Amino acid sequence: MSLIRLNKAQLAFGHIPLLDNADFVLEPNERVCLVGRNGAGKSSLMKVLAGLQLLDDGSLGVNPNTHIAYLPQDPPRAESGTIFHYVALGLAEVGRVIEAYEAASKLVEQDPSEANLTKMGHAQEAMDLHNGWQFESRIEETLSHLELNGDQPMAELSGGWQRRAALARALVQAPQVLLLDEPTNHLDIDAIEWLETLLKGFDGSIIFISHDRGFIRNMATRIVDLDRGQILSFPGNYQAYLDGKEEALRVEEAQAALFDKKLAKEETWIRQGVKARRTRNEGRVRALKQLRNTRSARINRLGNANMSMNQAEKSGKLVFDVEGMSFRYEHQTIAKNFTTSVMRGERIAMIGPNGCGKSTLIKLLLDKIQPQEGTIKQGTKLEVAYFDQHRLALDPAKTVQDNVADGKATVTVHGKDRHVLSYLQDFLFAPARARSPVSSLSGGEKNRLLLARLFLKPANLLVMDEPTNDLDVETLELLEAKLAEFDGTLLVVSHDREFIDNTVTSTWWYGQDGQWSEYIGGYHDAVNLGAQFYRPSEEVEQATVSEPEKPEKSASVNKPKKLSYKLQRELDGMPAQLEALEAEIEALQELTADPTFFASDPEVVNDKLKLLADKEQELERDLERWEELEALRDQA
């Protein structure tokens with residue numbers, strides 16, 4: 001039975017139809033990737049499915065037993081309070097009950113007065129009434145699974161860790177359907193691969209928006225394409241979608257050509273002389289009017305960008321010569337005793353976790369900051385074009401065309417003057433859009449504008465810091481093709497594994513204590529050669545996640561405390577919980593030991609074997625937790 005059904009859905013903002021009599025069905029245990037051009041309406045469709053956006057017409061049907069959780073595109077930057085508080089509120093009323101109990105527990109631990117004990121009693125009653133103990137345990141388990149510290153303030157988290165907290169808030173609701181809008185944004189490669197593993201184990205259906213082709217290939221069981229208001233479904237993997245989409249566009253173009261040929265023939269007939277008008281077939285006239293209306297209503301497919309780069313004369317053969325270079329901040333080593341040479345024409349990707357210093361290393365190479373030890377020598381005749389991931393080169397108050405041409409009517413492309421509006425059309429900015437302020441653009445449009453501005457600058461050294469963010473797949477593939485034509489030197493920082501594989505000749509990998517290792521080839525070539533993604537210790541890499549250091553307390557203050565009420569309650573419930581698990585495992589083991597078991601339905605066999613393995617792992621975790629709680633009790 002389907003979980004979600006969209007029937008003849010219509011949605012438009014202004015004159016642009018985002019959904020035009022669109023149909024969609026989601027079945028159980030699907031992982032559906034929603035793709036489409038920037039501005040096609042993917043995020044709007046997700047909001048419709050989440051119940052946050054009403055349709056103009058048509059219907060949305062959701063199975064009554066289906067709970068939907070939605071992860072929006074942007075991290076929850078404005079949230080206050082702790083991670084636990086933010087995640088608990090995803091459970092609505094139950095979350096508030098858990099929050100009240102947590103607050104009462106802390107009060108009793110600090111001051112076990114009669115008034116505080118009374119508050120604790122009321123909080124316990126509410127927990128019993130709403131089954132809060134089970135949900136509290138689920139929150140703690142989810143936070144542990146996602147490596148989140150529940151006491152950490154949300155305001156201190158980086159974008160990537162805020163995304164983890166938002167994902168925890170969605171998962172803790174135990175939804176049957178998970179809606180994820182660009183879940184890999186703000187995540188480094190290691191976190192993306194971790195997310196893939198997590199979502200593949202999710203017991204439910206997932207609809208996600210992504211432009212990360214590697215993530216799509218590894219995750220999707222079906223591709224849904226939103227194109228000019230229509231929803232087209234392509235079962236199977238990403239390559240099946242690419243082949244099917246190409247064939248669909250070929251058929252569409254052939255049908256449009258036949259239609260236009262027929263319309264031209266009828267237009268010729270209607271314009272014949274007086275004799276033809278006397279004998280005119282009125283039915284044919286009405287048919288012509290219908291043809292005109294149909295042609296007028298046709299929405300032509302948005303073309304591909306037509307990027308071109310202004311290339312400067314060749315640089316010297318040696319681009320960078322780095323000898324024994326070291327640089328560190330107070331709590332982070334960016335590079336230590338780093339030695340390398342970069343020659344003209346090399347294409348290098350820098351790979352490492354968020355915050356390891358990849359952008360700082362670029363600034364060191366470009367002489368924007370000085371190394372603390374060692375030397376960096378630049379080659380001759382370098383002309384640098386720099387793509388900044390923060391888009392600081394764009395003035396949000398100015399129009400698109402003024403950001404590119406600085407108020408002029410023309411730009412210089414390959415030594416020739418060209419009107420700025422014509423140039424911007426190559427980057428898919430219609431004249432009306434080119435006159436709009438940059439502040440009105442989407443993230444993908446801003447990145448396209450930054451590329452349009454960047455490619456006007458004659459360059460033989462191209463530095464690109466996260467160029468793939470928010471770009472749709474078609475524009476991304478064209479960018480790869482243009483970079484392949486670039487005969488200068490390329491430095492790239494990216495978390496898009498497929499983009500790295502398609503554009504670079506070698507990779508630099510961040511390692512322990514700022515050691516950088518070089519591997520020939522792209523991302524997967526390096527992994528095959530033994531490269532490993534190094535994540536600094538929690539204290540260094542997650543200053544955002546670990547608590548600030550506190551002054552050492554005196555012995556009298558540091559004396560052991562008795563087990564808190566919450567932990568004592570958890571410990572008291574462990575024996576019954578372990579007995580129940582052992583009984584389940586014993587029953588499953590007896591079932592699988594039956595000689596006739598493997599003769600039954602293979603799907604049932606696999607499900608039971610997986611359940612047995614999961615229960616055995618759960619028992620192992622619970623035994624470790626029991627030992628941990630008993631150790632804490634013995635220390636008290």
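The values are calculated or read from the model by the stated rules, or taken from the named source; none is laboratory data. Please read all numbers here as calculations on a predicted model, not as lab measurements. FYI the Cβ positions are ideal-geometry reconstructions off the backbone, even for glycines, and counts take in every protein chain you see. Each accessible area value is taken on the protein alone, full model and side chains, heavy atoms only, with ligands, DNA and RNA left out. Shrake-Rupley method; radii C 1.70, N 1.55, O 1.52, S 1.80 Å.
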Legend entry - Pairs, first free of Cβ contacts under 8 Å to residues at least 24 places away in the same chain in segment 416-431, second of a type in the set (Gly, Ala, Ser) and exposed (fewer than 14 other Cβ atoms within 10 Å of the Cβ), C-beta under 7 Å, six or more apart: HIS419/ALA409; VAL420/ALA409
Inset, instruction - Go through segment 575-618 residue by residue and tally those that are open to solvent by 60 Å² or more (accessible area, probe 1.4 Å), in contact (Cβ under 8 Å) with a residue 12 or more places away in the chain and of a type in the set (Lys, Arg). - result: 1
Inset, instruction - Could you tell me whether segment 181-199 includes any residue that is among the small types (Gly, Ala, Ser), open to solvent by less than 10 Å² (accessible area, probe 1.4 Å) and over 30 Å from ASP501 (Cα atoms)? - result: no
Inset, instruction - Go through (1) in contact (Cβ under 8 Å) with a residue 60 or more places away in the chain; (2) among the β-branched types (Val, Ile, Thr); (3) more than 26 Å from VAL411 (Cα to Cα) one by one and return the number of the condition ILE520 breaks. - result: (1)
Legend entry - Every residue from segment 97-152 that is acidic (Asp, Glu) and either assigned to a helix (DSSP H, G or I) or within 15 Å of TYR86 (Cα to Cα) (or both): GLU99, GLU102, GLU109, GLU114, GLU125, ASP128, GLU136, GLU140, GLU141, ASP151
Inset, instruction - Considering (1) touching a Ser or Thr at 6+ places or on another chain (Cβ under 7 Å); (2) more than 28 Å from ASN447 (Cα to Cα); (3) surrounded by fewer than 19 Cβ atoms within 10 Å (Cβ to Cβ), say which one THR66 fails and leave the rest. - result: (1)
Legend entry - Pick from segment 506-523, criterion touching an Asp or Glu at 6+ places or on another chain (Cβ under 6 Å) and not small (Gly, Ala, Ser), ranking: nearest to PHE215 (Cα to Cα): TYR523
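Conditions tested, residue by residue: (1) at pLDDT 90 or above; (2) more than 27 Å from GLN173 (Cβ to Cβ).
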position: GLN10; (1), (2): yes, yes
position: HIS15; (1), (2): no, yes
position: ASN29; (1), (2): yes, no
position: VAL48; (1), (2): yes, no
position: LEU55; (1), (2): yes, no
position: VAL62; (1), (2): yes, no
Inset, instruction - Scan ALA104, ALA123 and give me the residue that is under 30 Å from LEU167 (Cα atoms), touching a residue at least 24 places away in the same chain (Cβ under 8 Å), surrounded by 16 or more Cβ atoms within 10 Å (Cβ to Cβ) and small (Gly, Ala, Ser). - result: ALA123
Legend entry - Subset of segment 200-226 that is outside any strand (DSSP E or B) and among the acidic types (Asp, Glu) - its residue that is farthest from ARG497 (Cα to Cα): ASP203
Legend entry - Candidates ALA78, ALA12, ALA40, filtered to the one that is among the small types (Gly, Ala, Ser), open to solvent by 60 Å² or more (accessible area, probe 1.4 Å) and not in a helix (DSSP H, G or I): ALA78
Inset, instruction - For ILE351, work out the one condition from (1) open to solvent by 10 Å² or more (accessible area, probe 1.4 Å); (2) touching a strand residue (DSSP E or B) at 6+ places or on another chain (Cβ under 8 Å); (3) under 26 Å from THR475 (Cβ atoms) it doesn't fulfil. - result: (1)
Inset, instruction - Determine the pairs where a residue that is part of a strand (DSSP E or B), located within segment 347-361, has a partner that is among the charged types (D, E, K, R) and surrounded by 23 or more Cβ atoms within 10 Å (Cβ to Cβ) with Cβ atoms under 7 Å apart, the partner being 6 or more residues away or on another chain. - result: MET350/LYS358
Legend entry - Number of positions in segment 313-329 that are touching an Asp or Glu at 6+ places or on another chain (Cβ under 9 Å), assigned to a strand (DSSP E or B) and at negative phi: 4
Legend entry - Any hit, segment 358-373, residues being modelled with pLDDT of 90 or more, under 22 Å from LYS457 (Cα atoms), open to solvent by 30 Å² or more (accessible area, probe 1.4 Å) and among the small types (Gly, Ala, Ser): no
Inset, instruction - Name every residue in segment 53-87 that is small (Gly, Ala, Ser) and free of Cβ contacts under 8 Å to residues at least 60 places away in the same chain, in order of residue number. - result: GLY58, SER59, GLY61, ALA78
Inset, instruction - Within segment 163-199, count every residue that is part of a loop (DSSP other than H, G, I, E, B), closer than 19 Å to VAL224 by Cα and β-branched (Val, Ile, Thr). - result: 1
Inset, instruction - Pull up segment 200-219, narrow it to residues that are open to solvent by less than 10 Å² (accessible area, probe 1.4 Å) and out of contact with any Phe, Trp or Tyr (no Cβ under 9 Å at 6 or more places or on another chain), then point me to the one that is farthest from TYR70 (Cα to Cα). - result: SER210
Legend entry - Candidate set: segment 619-636, residues that are open to solvent by 60 Å² or more (accessible area, probe 1.4 Å) and under 22 Å from GLY201 (Cα atoms); chosen: the one modelled with the lowest pLDDT: GLU620
Inset, instruction - Go through the residues of segment 232-241 one by one and say whether even a single one is hydrophobic (A, V, I, L, M, F, W, C), at pLDDT 85 or above, surrounded by 14 or more Cβ atoms within 10 Å (Cβ to Cβ) and closer than 23 Å to SER44 by Cβ. - result: yes
Legend entry - Listing of helices (runs of 4 or more DSSP H) fully contained in segment 508-607 that carry 3 or more residues being at pLDDT 85 or above: 523-528
